[in-house]
Amino acid sequence: MTLYIVRYMLFVIFTLAYLDVYTKGEDSVITKKTRPRKSLTILYQPGKILPSNEFIKGQNASGEPIEYYQSLSLKFAFETDGRKLWQQIYSYPSWGFGLYAFNFFNGAELGNPGSLYWFFNAPFVRFKKWSINYSIGSGISYNWNPYDAEKNPYNKSIGSKRTGFVDAGVYFNFHVGKHLDLSTGITLNHFSNGMDKVPNLGINMVGARLSLKYIFKGRPEYIKREIIPKYKKQWEFLWLFAYSRKQLAYDTLWTDSVINFIAQDYSIYNISATVNYQISYKIKFGAGMDFGYDEAYNSYITLENQQASKQNAEGNKLAIGIYPSFELVIHRLSVLFQPGWYIYRDDPSIPEPTSENHVVLPKRTPSSSYQRVGFKYHILNNLFIGFNVRAYDFSVADYFEWNIGYRIQR
């Protein structure tokens, strides 16, 4: 992932943290001027790497599957106490930032990556001494040993030194003292650079988790409203603009090229219109339409004398898609899922490769559907920014979307 994207994400993360801690919203119910309690957690995870590509399955330097990993994380969190209505609605969650260190037992080909990430933890159900919780988070991972045609030719999972990182889990949390919590559960992790640099087959893991949390100054005293105001259902209309960048890999093994593949950069632009109906403090349902321009679609290269030239097949690169939309609303933040289907796009018309035309085809073929998973944050009441993973086949990351948008509420 390019350096300017890393800097941008870090800027956004810490800006949002500042806004959430020090901005008093309309739902504020602070009864005394106290700062939120903080906590520090040590988290250990041993687990299994899912065999999602040939490199992981054994097509690597060792000739053996890469099956297991372990990780250690240090997490700093703000423990909410109900001073805002949304905190009580989510049963007093915690949120913050963390550092991960991963060991794949294959440092020569994968490196020893770490990750800087944000997270949000909340209970499904809370009892007096224990709770059942979920956790979501995302961030930037670094220190990978990426693919290199000469030095690391087998690693088709990771093509860049930095990638995106997604974390999700379910766990049991137990109070073992005024300051201490012990938890155990299961976690899913995913690494990908969103095709910012190929190859990028990604890495998926599932593991157990065991953590110990220390709460500075003791567990907070929860503020509780006797009556939570009934949510007034409302419609909203959203418009957003998204920019993306990705690489396409072109297989050159059949040519006289001295390298396995050639990568080319492409930009993608998208305008989306969505109608949502918010039925509660937590849930929005809706539907929308995408209007996109994808430079990579219907593209190929010609390769002559080891020189590659971008080419465009006949037809345009415009696409129109439709999608249902679901959002989980967490105060100013939303987690969204939008599975989409193309209703307009020209059929691919790339010529068949021959020794005369020097055509080289991209290694990926277009799909008739797509999926969008991501986050949206309202920096103002109606102005928001967002980050999404655009995927296809419910498993392959196609590219990252960076967006800005505006809404009108009715």
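Rounded to the nearest 20 debye, what is the charge dipole size of the range 3-215 about its Cα centre when +1 sits on each Lys and Arg Cβ and -1 on each Asp and Glu Cβ?
Dipole size: approximately 1020 debye.
Can you give the charge dipole size of the chain about its Cα centre, rounded to the nearest 20 debye, using +1 on the beta carbon of Lys and Arg and -1 on the beta carbon of Asp and Glu? Can you show the working numbers first?
Details: 45 positive and 33 negative charges, 641 e Å.
It works out to roughly 3080 debye.
For the chain, take the longest principal axis of its alpha carbons; what is the angle in degrees between that and the long axis of helix 3-22, to the nearest 10 within 0 to 90?
10 degrees
Explain nothing, just the number: relative contact order of the chain, from Cα pairs under 8 Å at least 6 residues apart, as a whole percent. Kindly include the intermediate steps, with their values, before the conclusion.
Values: 1060 pairs, mean separation 47.4, N = 410.
After rounding, I find 12 percent.
Which residues' amide hydrogens lie under 5 Å from the amide hydrogen of SER157, considering only partners 5 or more residues apart or on another chain, with H built in the peptide plane?
Those lying under 5 Å, H to H, from SER157 are LEU201.
Quick one: Cα centre-to-centre distance for the range 184-245 and the range 332-371, in angstrom?
29 Å
How would you rank MET205, MET289, MET195, going from fewest to most other Cβ atoms within 10 Å of each one's own Cβ? Intermediate values should be presented prior to the final figure.
Working: MET205 20, MET289 15, MET195 26.
Fewest to most other Cβ atoms nearby, the residues stand as MET289, MET205, MET195.
Through the Karplus equation 6.51 cos²θ - 1.76 cosθ + 1.60, θ set to phi - 60°, convert the phi angles of the range 97-107 into ³J(HN,Hα) values in whole Hz; use x for Gly and Pro.
Each residue's phi maps through the Karplus curve to give 9, x, 10, 10, 10, 10, 10, 9, 6, 7, x Hz.
Can you give me the C-alpha center-to-center distance between the range 33-97 and the range 119-157, rounded to a whole angstrom?
The range 33-97 and the range 119-157 have Cα centres separated by 6 Å.
State, to one decimal in nm², a quarter of the convex hull surface area for the C-alpha atoms of the chain, i.e. the direction-averaged projected area.
On the way: hull surface 83.5 nm².
Mean projected area for the chain: 20.9 nm², to one decimal.
Could you calculate the contour length gain from ASP251 to LEU188, that is, 0.36 nm times the residue separation minus the distance between their Cα atoms, to one decimal place in nm? Numbers along the way, then the final one.
Details: separation 63, 0.36 × 63 = 22.68 nm, distance 3.19 nm.
Result for the pair: 19.5 nm of gain on full extension.
Going through the cross-link list LYS213/LYS376; LYS129/LYS217; LYS197/LYS310; LYS217/LYS376; LYS156/LYS376; LYS224/LYS282, which pairs have a Cα-Cα distance over 25 Å in this structure?
Values: LYS213/LYS376 28 Å; LYS129/LYS217 18 Å; LYS197/LYS310 17 Å; LYS217/LYS376 33 Å; LYS156/LYS376 31 Å; LYS224/LYS282 18 Å.
The answer is LYS213/LYS376; LYS217/LYS376; LYS156/LYS376.
Dividing the Cα convex hull volume of the range 3-215 by residue count, how many Å³ per residue is that?
116 Å³
Could you work out the Kirkwood radius for the range 291-410, taking every pair of different alpha carbons, averaging 1/r and inverting it, reported in Å? Spell out each step's value before the answer.
On the way: mean 1/r = 0.0597 Å⁻¹.
Taking the inverse mean of 1/r over all distinct Cα pairs, the range 291-410 comes out at 16.7 Å.
Excluding residues on the same chain fewer than 8 positions from LYS48, give the aspartates and glutamates whose Cα lies under 20 Å from its Cα.
Those aspartates and glutamates meeting the cut-off are GLU64, GLU67, GLU109, ASP167.
Each reported figure results from applying straightforward, stated rules to the coordinates on display, with no laboratory input. Remember, predicted model here, so these are calculated numbers, not experimental data. Because the Cβ atoms are built from the backbone with ideal geometry, glycine has one as well, and the counts that use them run over all protein chains shown.
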